[in-house]
Each structure stands twice: as C-alpha cells, then as structure tokens.
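Have a look at the structure below, then the notes.
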Amino acid sequence: MQKDKSSATSLGVASLRAAHQLIDGEPKLLNDPAILRLLGPSFEEKLRQDRDVFRDPVSVGLRSHVLLRSRYAEDCLAEAYALGVRQYVLLGAGLDTYAWRQAPGLAELCIFEIDHPATQEQKRQLLARAGLDIPMNLFFTPADLESETIGEALGRQPFDPGRPCFISWLGVMVYLSMEAVDATFDWMMTLAPGSEMVLTFTRKREDNPLAARAAELGEPWQTFFSPEELREKLLRRGFTSVKILDPEEAMNDYYSGRTDELPAPRHANIARVTI
C-alpha cells in the first residue's frame, strides 16, 4: 500500500469476482451479485465489450484462485459458526462483499472489516454510489498497521478478544514484510482458544508476471512460503493445527463436474489454522 492511496490490487480482485458472475458457467464457485452493484454498470459494460481480457489463461487462473479462497474461507466460517463462533474478522478486506450476501442462519455474526483508511474510504464511496446500505452487524475498522496493531484497531469496536473469532486473511500476506506477518501471528496467539484463520500464501518463483504487475502498481510482493515452511512456522509458534488445502481436495469439493474454463489449483496455497 502507498500512503494515503487506496489499494489498486483490491480493485483488480473485485473485477475478477465480477467477471465470474458474467462469463463463467453454473453453478457459480462464488455467487456474488453484490460485486456487480458495487462496481457499477460501467464496469459491466466494459467487461461485455472486452471479454477476451478475462479469458486470457493467466487471468482465468488468477480468477479461479480468487474465487476458491473466498469460497473456502466462507465455508470454513459457516462450520465455525455452527461450533459457536460469532465474530468474523477480515484482514485486508478490500472490496469484499460477504456482509451484503450473508448466509441464512448466521444472524448473530458480527463482522469486522480491517483495511487501510484510504481503501475503506474508496469502498464507502462505491457503496454509496451503488445504493448499498451498511448492514447493522458490519463494523468498518480503518487501520494503518504501520502505526498501530490489529488489537488496538479492534479495541475501538465491540470486538470481544475473550471470545473465539474466525479470521480471513486472503491475498494479503505476500505484500507484507516478515516482521508484519510475525506481528499478525503474535496477535492471533492472544485470541481465545478455538479461534481460526484461513489465509493464503505464495511460493517464491522467478519471472512471475503477477508479481511484476503488482510491483508496477506500487504494491510489491515481499514474503513467500512453501507449505512446509508455513506449517513449521505456525506450529512452532504454538498453533494447534495447520491444514493446507490439498489441490485434489479442492478439485473434488469445488471443481468436479465444471464445464467452463475455471481450472482447479495445481499447487497448495490456502491454509486453515486453529489456535
């Protein structure tokens, strides 16, 4: 993130989710009509005129990853809710729309969206333009994590650190320094037992076009893990379990029978972690 500037990559991620609603087959991997309203009719018209951009193999693969990580996190959230978790924290929420398509039966859930103040201001403006009201159980939590901690930011909200929570940390860790990543893990270890997090991680490889594009946007990739490195780091810090979503499991649960272009993941890059 550049200081006082909203995230360009969060808008790109939102565009991929919107494209899925318009050009991919049924059933939707992530049913997200709210994102089309948020981005507005001009985006929809642009996409319809230039569909080939979203059919490029790199774009299709990235879209599939973006959809899978959100769908998996939300499925895990539903499981956590069934076990009594009532707090949902989105770290680096960007233009996520879960609060506007909350699953039935989760009426007691409190949602806390944490992001850079400039990105949250951009989101508020888009919501106002789209006529989307802010749900009563959503708490925007602007935070510049270079100058305050996650715990301090949540301290301004009706967040109860003594009760377990579910956290999604999607597409964020790669942009942070290792020090910032460690600080987030340290904060997690202060939470109530039974708290969970779904996060994404990125392996280091040379000549990655996505990394090059992110750098051009002023949001360079910084921190990388292999599945083994991440698991070892988390278990060493005291987490009770680390489950890496296996590509074969993802294929069976989310892609079996699909007839569109969305590819199942070839590499493991999503983890579910429990305190």
Notebook entry, point to check: Residues of the range 261-275 being touching a residue at least 24 places away in the same chain (Cβ under 8 Å), open to solvent by 40 Å² or more (accessible area, probe 1.4 Å) and out of contact with any Lys or Arg (no Cβ under 9 Å at 6 or more places or on another chain), which ones?
Noted result: Pro263
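How many of the residues making up the range 36-58 are closer than 15 Å to Leu126 by Cα and open to solvent by 80 Å² or more (accessible area, probe 1.4 Å)?
Pass one, the range 36-58, residues closer than 15 Å to Leu126 by Cα: 36-44.
Still in the running and open to solvent by 80 Å² or more (accessible area, probe 1.4 Å): 37, 41-42.
So the answer is 3.
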Margin query: Condition first: at pLDDT 95 or above, more than 25 Å from Ala268 (Cα to Cα), buried (at least 22 other Cβ atoms within 10 Å of the Cβ) and of a type in the set (D, E, K, R). Can you find one or more residues in the range 97-114 that meet it?
Written below: yes
Notebook entry, point to check: Has the range 24-35 got any residue that is more than 21 Å from the chain's Cα centre (by Cα) and surrounded by 12 or more Cβ atoms within 10 Å (Cβ to Cβ)?
Noted result: yes
Check: Restricting attention to the range 236-247, does a residue exist that is part of a strand (DSSP E or B) and open to solvent by 60 Å² or more (accessible area, probe 1.4 Å)?
Finding: yes
Check: Among the residues of the range 223-275, which ones are touching a Ser or Thr at 6+ places or on another chain (Cβ under 8 Å) and of a type in the set (S, T, N, Q)?
Finding: Thr223, Thr240, Ser241, Asn269, Thr274
Check: Just checking, which of Ala143, Ala128, Ala180 is aliphatic (A, V, I, L, M), out of contact with any Gly (no Cβ under 8 Å at 6 or more places or on another chain) and surrounded by 19 or more Cβ atoms within 10 Å (Cβ to Cβ)?
Finding: Ala143
Check: Which pairs have Cβ atoms under 9 Å, sit 6 or more apart or on different chains, and link a residue in the range 223-244 that is closer than 18 Å to Arg69 by Cα to one that is aromatic (Phe, Trp, Tyr) and loosely packed, with under 15 Cβ neighbours inside 10 Å?
Finding: none
Checklist line | Those residues of the range 174-199 which are closer than 15 Å to Gln222 by Cα and of a type outside the set (A, V, I, L, M, F, W, C), in sequence order | finding: Tyr175, Ser177, Glu179, Asp182
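Here's the yes/no breakdown for (1) touching a Gly at 6+ places or on another chain (Cβ under 7 Å); (2) under 22 Å from Gly40 (Cβ atoms):
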residue: Gln87; (1), (2): no, no
residue: Asp133; (1), (2): no, yes
residue: Arg156; (1), (2): no, no
residue: Pro164; (1), (2): yes, no
residue: Ile167; (1), (2): no, no
Margin query: Pull out all pairs, ordered by first then second residue, where Cβ-Cβ is under 9 Å, the residues are six or more apart or on different chains, the first lies in the range 134-148 and is more than 17 Å from Ala34 (Cα to Cα), and the second is of a type in the set (Ser, Thr, Tyr) and open to solvent by 30 Å² or more (accessible area, probe 1.4 Å).
Written below: Ala143/Thr149
Next item on the list: For the range 51-73, name all the residues that are free of Cβ contacts under 8 Å to residues at least 60 places away in the same chain and in a helix (DSSP H, G or I).
Entry: Asp52, Val53, Phe54, Pro57, Ser59
Next item on the list: Scan (1) buried (at least 19 other Cβ atoms within 10 Å of the Cβ); (2) at pLDDT below 95; (3) β-branched (Val, Ile, Thr) for the single condition Thr149 breaks and write down its number.
Entry: (1)
Margin query: Quick test for you: out of Arg48, Arg17, pick the one residue that is modelled with pLDDT of 95 or more, among the basic types (Lys, Arg) and either assigned to a helix (DSSP H, G or I) or more than 24 Å from Leu91 (Cα to Cα) (or both).
Written below: Arg17
Check: Restricting the search to the range 82-105, which residues are aliphatic (A, V, I, L, M) and either closer than 18 Å to Pro33 by Cβ or out of contact with any Phe, Trp or Tyr (no Cβ under 8 Å at 6 or more places or on another chain) (or both)?
Finding: Ala82, Leu83, Ala93, Leu95, Ala99, Ala103
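The values are calculated or read from the model by the stated rules, or taken from the named source; none is laboratory data. What you are looking at is a predicted structure, and each value in this text was computed from that prediction instead of being measured. All Cβ positions, glycine included, derive from the backbone under ideal geometry; neighbour counts span all protein chains shown. For the accessible areas, the whole protein counts, side chains as well, though only heavy atoms, and no ligand, DNA or RNA atoms are used. Shrake-Rupley method; radii C 1.70, N 1.55, O 1.52, S 1.80 Å.
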